[in-house]
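> One structure, as structure tokens, below. Some questions next.
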Amino acid sequence: MLDPYAVGFVLCTPFIVWVFVVTVYRAPCTCTFQTRPCSVEEFQNSYRIPHWALRHLDRHIIHVHIPAFPIAVARVSQPGLRDRPVAVAPLHSERALILSASPEARREGIFNGMPLGKAIKFCPELTVLSPDHALIAKACQVLASVVARYTPLWEPSRPGHIYMDVTGTDRLWGRAKDTANRIRREIKEHLYLPGTVGVASNKMVSSIASRTIPSEGVLDVDHGREFSFIAPLKVNVLPSIGPVRKRILLEELNITLVRQVAALDMGSLKLVFGQQAYVIHQRALGIDPTPVYPPSAEPTITEEVALSHDENDDEKLLGVLYGLVEKCSYQLRSRSLLPRKAGLYFRYTDQEEVTRHVQIPSLSFWDFDLYAPLEVAFLKACQRRVRIRFMKVWFRDFSAPSAQLSLFSFAPHDEKKKAQVISALDRIREKHGNNLINYGKTA
């Protein structure tokens, strides 16, 4: 015969655990009835739930989408561009490609990747703007400052697209859909940026939801209805299905909808997607366990330059690269930091971007040690016969110099002389300015 006390204890254990989580880990909330968004610190201090408890809660992911973000930002400062077909593309050549097109331009047949000359023939009244990366970067920072007040878990996927994990914030902001409406209104009223917002249990479905809304608004996909929402949509809404695989699915298997991909067996999926077959099948069912990755707070030393004249001479570009490394290495020496990793980014005049990451072979903050691996990376990456307009260099993953001197490592004589020259240059620049004396290669 069962012990009634034991049975009662087993049945009441889940309730006791939940009460413990709510009462012990739930700190007094001071901003429940506030009408303004609180800061990240207020959020974290006023609503603390352990990570192991959050894993058992239903996820609520919000995706903020500002369509044609560069054009929407330009219309804030230039109201005359509103309700007109507008596109963003480099202006140096008719062969340049459209980078972004407004909804009005899309209705005229303009699309991203279309040659500029062809777009103008399609739509003679098309207004073409040159890309303004500084303005876009500033707009992204302002947009991020708005969403960061609602949750510390937010991820900027690309300009005008931000994921937010608002799981467990019901007592602060209400339901996830109410939070999404509030964020959309704040972005519209304070930043004058029109946008759509998708709410779902994962990142993929929330992103699809934000892109399927024809006009401004919020689309909330209920938990458990992810597959029924994406099943009638075209297969290109799924990640990792580009034009090539879409054509294979259409021509070889006569598949155009997501539900048809979900109905395929694993063998057929492997013929098209290879090792990604299982992931694609999960995505077709509306399953995406990918977490929201907040932006890294790792410190970096960065220098960048927009060239006064577009350049494709390797010798001159390497001089510009050395100048950037020289400025970074001076900051590293001033802070006594030794980087382990470095990065290089440059942008061509046709707006194609190249990024490379390298490992620093030995811990050092001297110019000649930091420049060598970046020079190799640049020469391997810069293979096009197109001029370069912008360059950027950064260093990260730092360590401090060791206080213990080595008994057996001795630097070569020429490296000692180079270090002495660099130290002398530092003293001159500190006294008379940075532009008084430079290396010949950076002139």
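> For Arg171, state whether it is at pLDDT 90 or above, of a type outside the set (S, T, N, Q) and surrounded by fewer than 18 Cβ atoms within 10 Å (Cβ to Cβ).
Considered against the rule, which asks whether it is at pLDDT 90 or above, of a type outside the set (S, T, N, Q) and surrounded by fewer than 18 Cβ atoms within 10 Å (Cβ to Cβ), Arg171 comes out as no.
The rows are residues; the columns are (1) modelled with pLDDT of 95 or more; (2) surrounded by 22 or more Cβ atoms within 10 Å (Cβ to Cβ); (3) over 22 Å from the mean Cα position of the chain (by Cα).
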residue	(1), (2), (3)
Ile187	no, no, no
Gly195	no, yes, no
Thr212	no, no, no
Gly217	no, no, yes
His223	no, no, yes
Ser228	no, no, yes
Leu233	no, no, yes
Asn236	no, no, no
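> If you go through the stretch 349-371, how many residues are over 28 Å from the mean Cα position of the chain (by Cα) and in contact (Cβ under 8 Å) with a residue 24 or more places away in the chain?
Residues that pass the stated criteria total 6.
> Ser207 versus (1) over 20 Å from the mean Cα position of the chain (by Cα); (2) closer than 15 Å to Met164 by Cα; (3) not hydrophobic (A, V, I, L, M, F, W, C): which is the lone unmet condition?
The failed condition is (1).
> Now for a different question. Determine whether the stretch 272-280 contains at least one residue that is part of a helix (DSSP H, G or I), surrounded by 14 or more Cβ atoms within 10 Å (Cβ to Cβ), without any contact (Cβ under 8 Å) to a residue 24 or more places away in the chain and not aromatic (Phe, Trp, Tyr).
yes
> Filter the stretch 245-285 for residues that are hydroxyl-bearing (Ser, Thr, Tyr) and under 32 Å from the mean Cα position of the chain (by Cα); which is modelled with the highest pLDDT?
Tyr278
The values are calculated or read from the model by the stated rules, or taken from the named source; none is laboratory data. Predicted model only: the values in this text are computed from it and were never measured. All Cβ positions, glycine included, derive from the backbone under ideal geometry; neighbour counts span all protein chains shown.
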